[in-house]
Amino acid sequence: MRIPGIRKPIRCRGMQPFDQQPSRLTVVRRAGKWFGRILIDDQKQPPPKRPIHKAVGIDMGLNSFLTTSDGQHVECPKYYRRLIPQLRRAQRLLSRRTRGSGRWKRALLRVQRIHAKIVDCRDDFTHKLSKQLVANYDFIAAEKLNIKGMVRSNLAKSILDAAWGQFLFRCDYKAEQAGVTFVQDNPSGTSIDCSRCGEPVPKTLSDRIHKCPKCGLTIDRDENAARNVLMRALTNLSTPGAVGVGTRTEGSTSTKSIGISQADPLKCVGQT
């Protein structure tokens, strides 16, 4: 790679070949390593939307990173929480060093590498999981979360560690590239309303099981919320070919009415 102002070419690792003319190059240094970001315009148009044969709704959480409308759970990896002991030791060591000295720079680099590891693990997790969802479903419905407002609570550290916004952003653009329909709907009331009959069932945060007194449905509250997210999204959908759009039959669940496949359960990938 040649950069203006530097005479000799720079050796690079992990660069993918491309035929287009790059329009921008950004060189950054992170945790003692140099990275180059190349921006190109590949002139590709997104493919047409696929017919909806397999649909899924997802509910984001902190105990389970997400729960799908067909009852699959992906555990939250909590990379920051798991590396807090290492980070504390590295930061204590840094605080004991004289600022600007060689030992201080080495201690600072150690702290930076721990933060970089957390970022890399999150990137790997969200990339793989979003790709798996897009590969397995034709329609994905998610909650439209106000993350900026949610981080003002005492759960801010856990919410930021979960990286919901990064995951939903990657689901969005990967779905567009694959011709998958991805929508985000208002999450208000999804945890309260029964996904079978629509009866409101108030709950506290400690209530993890949804028990409807009207129809007798008993399922995990996150799965109930994911079914409601999917049903709302399908109700508002105007794409031709949707299966079971806008139907809620007494005594049947939304999972059965839209024919969601129960095969190929999601696995929690990227945990190291």
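Based on what the data block shows, is Asp41 touching a residue at least 24 places away in the same chain (Cβ under 8 Å), of a type in the set (Asp, Glu) and either farther than 30 Å from Asp207 by Cα or surrounded by 14 or more Cβ atoms within 10 Å (Cβ to Cβ) (or both)? Write out each step before concluding.
Numbers: touching a residue at least 24 places away in the same chain (Cβ under 8 Å): no; of a type in the set (Asp, Glu): yes; either farther than 30 Å from Asp207 by Cα or surrounded by 14 or more Cβ atoms within 10 Å (Cβ to Cβ) (or both): yes.
Spelling it out, it is not the case that Asp41 is touching a residue at least 24 places away in the same chain (Cβ under 8 Å), of a type in the set (Asp, Glu) and either farther than 30 Å from Asp207 by Cα or surrounded by 14 or more Cβ atoms within 10 Å (Cβ to Cβ) (or both).
Quickly run through region 195-223 and pick out the residues that are part of a loop (DSSP other than H, G, I, E, B) and among the acidic types (Asp, Glu).
Glu199, Asp207
Out of curiosity, is Ile209 of a type in the set (A, V, I, L, M) and either at pLDDT 90 or above or buried (at least 17 other Cβ atoms within 10 Å of the Cβ) (or both)?
On the way: of a type in the set (A, V, I, L, M): yes; either at pLDDT 90 or above or buried (at least 17 other Cβ atoms within 10 Å of the Cβ) (or both): no.
Judged against the criteria, Ile209 is not a match.
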Where Thr204 falls short, out of the listed (1) of a type in the set (S, T, N, Q); (2) over 17 Å from Lys144 (Cα atoms); (3) surrounded by 14 or more Cβ atoms within 10 Å (Cβ to Cβ): (3)
Single unsatisfied condition, Thr249 versus (1) modelled with pLDDT of 85 or more; (2) surrounded by fewer than 13 Cβ atoms within 10 Å (Cβ to Cβ): (1)
Residue in region 71-79 that is at pLDDT 90 or above and farther than 30 Å from Ile219 by Cβ present: no
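The values are calculated or read from the model by the stated rules, or taken from the named source; none is laboratory data. Not measured: the values here are computed from a predicted model. Glycine also receives a Cβ, built like all others from the backbone with ideal geometry; neighbour counts cover every protein chain displayed.
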